[in-house]
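The structure appears right after this line, and notes come after that.
The values are calculated or read from the model by the stated rules, or taken from the named source; none is laboratory data. This structure is a prediction, so every number in the text was calculated from the model and none was measured. Please note: Cβ atoms are built from the backbone with ideal geometry, for glycine as well, and neighbour counts cover all protein chains shown.
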């Protein structure tokens, strides 16, 4: 609060009463303005009178604006403002020259001009300068001058008197209201001022007041003017003395409160006379403490569908998704992915049609199309179609809702009913950790069924179709708008060969005859089309028709059945034919008549069924011959014998193939396939000139798509050789050859198998006699090898490194170059399944904690592992995959390995081969430590294994954060392992060494302190947060220290008190000794004396050290600096003088002069004195001086007589005379 203190005294002289506002000289008089304000202009009058008896020629008046001390304060003439005179020399606006007309004796001339008071005048006012004008009149032959009496220029002074809360707390999404109270404490009015808030990240600021002129993202700035001031004080458009304006900031907390825990605002208010000019400003600090948020978004997804009735265009059908955030946190980076469905009618997305609506306003939407599509005839529509699309929205606030719209275009011909479907998944981000990314990867199906046509069919008699029998079909169609539509309805009946149309059928539908009937009789089918004009008289309409079934009319393909093949093979294959015949009824409502019928809404129904025809009406065909064969496949390559299955090679002996798993494979292995077949001739006299062998590959469920797509390629399964032996039974001769070309069979970019042509005519290298064809009793032995070169990648199922595959053979001979199942059969229905493991090797670097003042311990370790799907995958044989020859660790300068050991070496089955073995580096140069790891792998290890290396590290005390390291081993792969580089140098860069250091943190609500006295008082907390590295935790901060520096040296006398114990913290050489600071948070108070009136920059230095830190010139292990500013704003004195009215006679006692003194700033004012310069002959009435403290209290305190100085000035030391002012005027 601002305070004013009046002072009054009386005199006993009348000399003061002779002073007047008009000063009269021989030739000059003047009039000072009644009021004059900084940044404004005021009028001055000057009158020149010719009191001489001669004409005053060429008179000129110079007015110099100055002070009684001769200070030039920047007062300037307003050019062009003079009236009653002419402007002369204006080169110095602070001393303009005006010219007058010649003055006759006794004549006078008055002129008026304006003077402006710019910003520099403020300094003169604050320095208690008295403003006067020196007026000089010159004329031909003479000059005279006059100094005016002092006049007052008033200035405004803005003071931030209060903030409703300098410390506010919120979490992300909260809106906090901060009120800043600004008062004008000086008589000068303002027409406007600038409010600025420079804030740290984590918040955003707006205000409903003023004009937002912010130019930077981290600065909020308002221009406040006359329209804002009409609601305060006297209601005018000026901000005047003692008026208070309240600025309301709306602060949105934008940060999560994890990395940023507070945001400090540096708030200033200031004003100036010109644009971008500051005459005076004042600042304060405020802070928003940001707490971690618990607000999360929750999105609700509501599909919108539109069902088509025309399926070829030309219009799109609008779909949509309404997304509503029912949570209390904002969702950002929202992604909606839309796909075509798998099982029902889907359209194509018009990506240019997409838009988004929120509360009736269109908002930005990004569309990412996936896979373009072009409509083909007869379909029409947009040219910007895609199979899928991703829609991206920037954000969605709590409670808000947005709807995304897009159009689907359809191109589907035949038997379509009104329906639509699509699939979607989505993702979005929640504002804050943990788990910010929220993703729903499963596809949700959206399906909407429109109003469908329905039908019932009844066929009489209901029996198996008999030759030369007539059947009646009763057909009934229902649709809810048959009585309302004006479209055309078409019924199309298709009868296959074997069904004969009855020409007497009338096709009366619900009592209505068709507009026309057309009959199209073809060789394979008869199509009858009847058209009806809607509406009908009912929504359920029926018709009937007859047909004759005739076995002799059946087409050839329909005469083939399962029993039509005659063969001695026990497992024949029949791919076509059957004993069923069906006709179709297609009903169409033509809602889009410009397109073919199939583009309209259609209902397709089936009638007919099984038939029974006499045996002589079908033909029985014999397969001329086939191969009766067996297939077997197994692994071709093996390891060493391990008949006791202890995972070490036996010293002697052979593999026990009764125990070895030859159906198991790993990359590099070869599968040997064997087809052994005997030619069987079912038609006497036939020979078969063609033959084919085919191996069909596939995978089963435990090999996932990524591995399957890489395995089933020509690079994943590679033919590595084959051999063919043919036995000619007629001559009892074997013929042999090999290296037959393999034809890769590719379907949908996947390898489905390899095919070999075994036709004798192409087997040039086998030595077959000319004209040889396969005959009864011949034998074929075909063997082919395939090498597996693909190494499975780890999967997420229960067998992460295993994926099984199968081989299904096809081995046949035939007599037609284009064989069908009538002349060639594959007389084998089985295949074999094999197990495949991948191998995976890698380095897990481990995490190590290195304390700053001691060596690390044997905790944690670096792991090398070689892993198959399971241990001992190849039982009863010894198989080596690789040998890790060495182990190398590279460290940066300053970090050393003091000791190392092999913690364990064990097989994947858990068999331990070594443990707790000290390691001595073979070499140690420039931070690279090399150990002999291969010595523990003699002989080379079987299948998978792992090894754990442990270390004791040593390092300097000033280590911080994560320390880079590199772990390397040289891998020597066994022969046959499909690695592109052998040996392989395998390395892993890591930041595995972590400094296990304590973390000191100083925290306080504010580090920008404003003190309204000369004392610093900072309450803060010092915390030691532990560093956690795996299972290790840092301990106390050893020898914790703290000291404070002042840049200017004007802040001194620092003291530190532990607020929990109340005890001062001891210091050595100005360094406070906090000894071993535990993992805790402790409150402290820092105090000091501020001898500065300007902003002081301080630094709080703190940290820890391995030994006591007692000198500021030494370098500790850990040092941090926290900036601190301190401002003790000076007071600013101003006063009003109330003089008595009227005149007094000589020696009368003049009534009291009242001087009201007030502090216009927030800082206290000390050593308050009052001086009064008395004219000669004027004295103070003894005992008349008194002070009313505070103003308006009526409490008058006598202050005695003043001290009279040598120049006649009266001096009162008010602080000494009034006890309550000894502590300063607040």
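Overview of values
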quantity: Members of region 913-922 found to be assigned to a strand (DSSP E or B) and either in contact with a helix residue (DSSP H, G or I) (Cβ under 9 Å, 6 or more places away or on another chain) or loosely packed, with under 12 Cβ neighbours inside 10 Å (or both), listed by number; calculated: 913, 914, 916, 917, 918
quantity: Residue list for region 40-71, restricted to those being more than 18 Å from residue 30 (Cα to Cα) and under 60 Å from the mean Cα position of the chain (by Cα); calculated: 40
quantity: Complete set of residues in region 1178-1201 that are buried (at least 18 other Cβ atoms within 10 Å of the Cβ) and within 28 Å of residue 159 (Cα to Cα); calculated: 1187, 1188, 1189
quantity: Region 1156-1177, residues that are surrounded by 17 or more Cβ atoms within 10 Å (Cβ to Cβ) and either over 30 Å from residue 1010 (Cα atoms) or assigned by TED's automatic domain parsing to the domain that holds residue 281 (or both); calculated: 1172, 1174
quantity: Subset tally (residues that are part of a loop (DSSP other than H, G, I, E, B), in contact (Cβ under 8 Å) with a residue 24 or more places away in the chain and either within 59 Å of the chain's Cα centre (by Cα) or not assigned by TED's automatic domain parsing to the domain that holds residue 696 (or both)) for region 655-684; calculated: 11
quantity: Looking only at region 1087-1102, and only at residues there that are under 41 Å from the mean Cα position of the chain (by Cα) and either buried (at least 20 other Cβ atoms within 10 Å of the Cβ) or outside the structural domain of residue 1039 (by TED's automatic domain parsing) (or both), the one that is nearest to residue 128 (Cα to Cα); calculated: 1096
quantity: The listed residue being at pLDDT below 95, more than 30 Å from residue 415 (Cα to Cα) and in contact with a strand residue (DSSP E or B) (Cβ under 6 Å, 6 or more places away or on another chain), out of 627, 640, 603; calculated: 627
quantity: Qualifying positions in region 257-294 - crowded, with 16+ Cβ neighbours inside 10 Å, at pLDDT 90 or above and not in a strand (DSSP E or B); calculated: 272, 273, 279
quantity: Per-region count, region 678-708, residues over 26 Å from residue 637 (Cβ atoms) and touching a strand residue (DSSP E or B) at 6+ places or on another chain (Cβ under 9 Å); calculated: 13
quantity: Region 152-210: number of residues that are within 39 Å of the chain's Cα centre (by Cα), farther than 15 Å from residue 220 by Cβ and assigned to a loop (DSSP other than H, G, I, E, B); calculated: 6
quantity: Out of 403, 366, 332, sole residue that is closer than 18 Å to residue 424 by Cα and surrounded by 14 or more Cβ atoms within 10 Å (Cβ to Cβ); calculated: 403
quantity: Residue, nearest to residue 1159 (Cα to Cα), within region 1173-1214, restricted to residues that are out of contact with any strand residue (DSSP E or B) (no Cβ under 9 Å at 6 or more places or on another chain) and without any contact (Cβ under 8 Å) to a residue 60 or more places away in the chain; calculated: 1193
quantity: Unique match (being assigned by TED's automatic domain parsing to the domain that holds residue 963, part of a loop (DSSP other than H, G, I, E, B), at positive phi and at pLDDT 95 or above) among 880, 872; calculated: 872
quantity: Unique match (being touching a residue at least 24 places away in the same chain (Cβ under 8 Å), outside any strand (DSSP E or B), at positive phi and buried (at least 16 other Cβ atoms within 10 Å of the Cβ)) among 74, 106; calculated: 74
quantity: Residue within region 1116-1125 that is under 24 Å from residue 1067 (Cβ atoms) and not in a strand (DSSP E or B) present; calculated: yes
quantity: Failed item in (1) buried (at least 18 other Cβ atoms within 10 Å of the Cβ); (2) part of a loop (DSSP other than H, G, I, E, B), with residue 149 passing the rest; calculated: (1)
quantity: Pick from region 709-727, criterion touching a strand residue (DSSP E or B) at 6+ places or on another chain (Cβ under 6 Å) and in a loop (DSSP other than H, G, I, E, B), ranking: surrounded by the most Cβ atoms within 10 Å (Cβ to Cβ); calculated: 712
quantity: Criterion violated by residue 794 - all others in (1) within 45 Å of the chain's Cα centre (by Cα); (2) modelled with pLDDT under 95; (3) crowded, with 22+ Cβ neighbours inside 10 Å satisfied; calculated: (3)
quantity: Top-ranked residue in region 1111-1127 [being touching a residue at least 60 places away in the same chain (Cβ under 8 Å) and more than 17 Å from residue 1017 (Cα to Cα); ranked as surrounded by the most Cβ atoms within 10 Å (Cβ to Cβ)]; calculated: 1118
quantity: Subset of region 414-431 that is part of a loop (DSSP other than H, G, I, E, B) and at pLDDT 90 or above - its residue that is nearest to residue 378 (Cα to Cα); calculated: 418
quantity: Residue in region 1130-1142 that is exposed (fewer than 13 other Cβ atoms within 10 Å of the Cβ), in contact (Cβ under 8 Å) with a residue 60 or more places away in the chain and under 23 Å from residue 1011 (Cβ atoms) present; calculated: no
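One line per residue, one yes/no per condition, for (1) assigned by TED's automatic domain parsing to the domain that holds residue 168; (2) modelled with pLDDT of 95 or more; (3) not in a strand (DSSP E or B):
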residue	(1), (2), (3)
942	no, yes, yes
949	no, yes, no
958	no, no, yes
965	no, yes, no
